[in-house]
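The values are calculated or read from the model by the stated rules, or taken from the named source; none is laboratory data. None of these values were measured; they are calculated from a predicted model. Every residue, glycine as well, gets a Cβ built from its backbone with ideal geometry; the counts of neighbours run over all protein chains shown. Side chains are part of the model used for accessible areas, which takes the heavy atoms of the whole protein and leaves out ligands, DNA and RNA. Shrake-Rupley method; radii C 1.70, N 1.55, O 1.52, S 1.80 Å.
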Amino acid sequence: MNISVKDIAKIMSEMAPARLAEDWDNVGLQVGRNEKEVRVILCALDFSAEVLEQATQLHADIIVTHHPAIFRGIKQLTDLDWRTALLLEASRKDIAVYSAHTNLDSVAGGVNDVLANLLELTNVEGFSEEDTLQGIGRIGALKEATDLDAFAEKVKRVLKLQHVTVVPAGRKVHKVAVCGGSGMDFLDYAVQAGADTYVTGDVKYHDAQDAQGKHINLIDATHQATELPVINELADRLALRLSREGYTAKVLVAKETKLMQII
């Protein structure tokens, strides 16, 4: 059975409802014609030149990303800026783009549940004000307490990183909070939830000082690496949903180069 861009957007909105997105976010269909038939879907973390090239080679009809293709307001749609140039190129090639951002962070089974599962946390809960599994961030416990160095090695291994940045607060690691991407705005939620360790990305110097002052270990596992694992999960769930409903579209996963590398 054939499926359209509009149908993909509807399914995605059910998998990661827009109501869960932060007010400042931009989620949903960003580029494309609603009635276009979809035979190939490419899932990716970012809408980038690398991903658009793969979409072209794979004859993808729509790219489903985590980070929005259009985030801040656009005043000119020209090829003078690399972001809008990519949008123009996608439009020219009739490749639609759909983005699920903070709604995919917050939804049960999304970015943070995948991250918590990779780190083998048990009794996972949300640490938002609502304390549900539909809110930013997760907190859970390791089966056995360990020291920070050993846990940092585990983070590196499961996220396939050469290094992580560690801010020690002199505590054993047992109750761990996670927030994929840029999660330092939610540090106080992790502290209030009783976490001894917080795993996130985009940690700045004064963020590290704040965490140490609040006696919580901090691990910066990078923005990209803490979010990339959800893409395979998203693709699997989307493929299963389409198959169950009788659609024949293929779901593929883009190969994305690490943006920041150690030299």
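List of remarks:
- Total lysine pairs whose alpha carbons fall under 16 Å of each other in region 48-192 (8 or more apart, or interchain): 5
- Where Rh is the Kirkwood radius over Cα pairs, Rg/Rh for region 78-178: 1.15
- Accessible solvent surface per residue of region 149-263, calculated while the other protein chains remain in place, 1.4 angstrom probe, Å²: 54
- Percentage relative contact order, region 147-263, counting C-alpha pairs under 8 Å, at least six apart: 25
- Note on the chain: Kirkwood hydrodynamic radius from all Cα pairs is 19.1 Å, rounded to one decimal.
- Here is how the number arises for the chain: DSSP H runs of 4 or more residues each give -39500 (n - 2.57), the sum is divided by the residue count, and the result at 222 nm is -10000 deg cm²/dmol.
- Cα-based shape type of region 1-138, given that a ≥ b ≥ c are square roots of the gyration tensor eigenvalues and the cut on a/c is 1.5: prolate
- Residue-normalised accessible area of region 74-127, given per residue in Å² at a 1.4 Å probe: 47
- Antiparallel beta bridges, as assigned by DSSP with both residues in the chain, represent about 45 percent of the total such bridges.
- Loop trypsin sites (Lys or Arg not before Pro), region 191-263 (other Cβ atoms within 10 Å of the site Cβ: 11 or fewer; DSSP): LYS204, LYS255
- Sulfur and carbon atoms: percent of accessible area, region 68-170 [1.4 Å]: 49
- For region 1-61, the fraction of 1.4 Å probe accessible surface lying on carbon and sulfur atoms is 48 percent.
- Measuring only protein heavy atoms, the 1.4 Å probe finds VAL251 accessible over about 30 Å².
- Entry note: region 53-118 has Rg to Rh equal to 1.07, where both radii use alpha-carbon atoms and Rh is the Kirkwood radius.
- Inter-centroid distance (Cα atoms) of region 1-39 relative to region 213-244, Å: 19
- Relative contact order [Cα under 8 Å, 6+ residues apart], region 1-86, whole percent: 28
- Per-bin percent of Cα-Cα distances, region 133-222 [10 Å]: 18, 58, 24, 0
- Candidate cross-link partners of LYS10 among the lysines, defined by an alpha-carbon separation under 18 Å and a same-chain spacing of 8 or more, comprise LYS36, LYS250.
- Surface accessible to a 1.4 Å probe, per residue, for the residues of region 1-42, Å²: 52
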